Amino acid sequence: QVQLVESGGGLVQAGGSLRLSCAASGRTFNSDHMGWFRQAPGQEREFVAAISWNVGSTHYADSVKGRFTISRDNAKNTVYLQMNSLKPEDTAVYYCATRTQTSGWRTSWYEYRYWGQGTQVTVSA
């Protein structure tokens, strides 16, 4: 029903920047929330950031607040994650996901229904 494709990952040195993109197709709605999650080897998938499609409200994990910025282009059905001041601990596969808004922000992976395949981000020391 909804297809998500991430792009923009790669290798960057600590302190550098990357911008990830997530293109959505299929049945999306203005009330939906888009989220970015990441998963490192042997770790649980963790919340990074989320945005509401209609008004653009944002929510961030404490670990990335002040360094990452989530944004969206409604005309292109695309959400972005601008990542600055990258650290080695940011290394992970980054996934974009979508959910239908109920109430408040949701930060658990199982609360999001549709997922992309992920894009690898590697930050070297």
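The values are calculated or read from the model by the stated rules, or taken from the named source; none is laboratory data. Not measured: the values here are computed from a predicted model. Here the Cβ is made from the backbone with ideal geometry for all residues, glycine too, and neighbour counts use every protein chain on show. The protein model used for the area step is the full one, side chains on, heavy atoms only, and it has no ligands, DNA or RNA in it. Shrake-Rupley method; radii C 1.70, N 1.55, O 1.52, S 1.80 Å.
Details
- Residue in the stretch 14-21 that is surrounded by fewer than 17 Cβ atoms within 10 Å (Cβ to Cβ), among the aliphatic types (A, V, I, L, M) and in contact (Cβ under 8 Å) with a residue 60 or more places away in the chain present: yes
Here is a yes/no grid of residues against (1) closer than 14 Å to residue 8 by Cβ; (2) over 16 Å from the mean Cα position of the chain (by Cα):
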position	(1), (2)
30	no, yes
38	yes, no
46	no, no
53	no, no
58	no, no
69	yes, no
98	no, no
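- Residue 109, sole failed condition from (1) open to solvent by 20 Å² or more (accessible area, probe 1.4 Å); (2) over 12 Å from the mean Cα position of the chain (by Cα): (2)
- Among the residues of the stretch 75-94, those identified as within 19 Å of residue 10 (Cα to Cα), open to solvent by 30 Å² or more (accessible area, probe 1.4 Å) and either among the basic types (Lys, Arg) or outside any strand (DSSP E or B) (or both) are 84, 85, 87, 88, 89, 91.
- Any hit, the stretch 110-124, residues being within 22 Å of residue 9 (Cβ to Cβ), of a type in the set (A, V, I, L, M), in contact with a helix residue (DSSP H, G or I) (Cβ under 6 Å, 6 or more places away or on another chain) and modelled with pLDDT under 95: no
- Among (1) outside any loop (DSSP other than H, G, I, E, B); (2) over 22 Å from residue 110 (Cβ atoms); (3) open to solvent by less than 60 Å² (accessible area, probe 1.4 Å) - the single one residue 72 does not satisfy: (3)
- Within the stretch 22-57, the set of residues being surrounded by fewer than 14 Cβ atoms within 10 Å (Cβ to Cβ) and in a strand (DSSP E or B) comprises 25, 26.
- Test: residue 8 is within 22 Å of residue 120 (Cβ to Cβ) and either basic (Lys, Arg) or in contact with a Lys or Arg (Cβ under 6 Å, 6 or more places away or on another chain) (or both): yes
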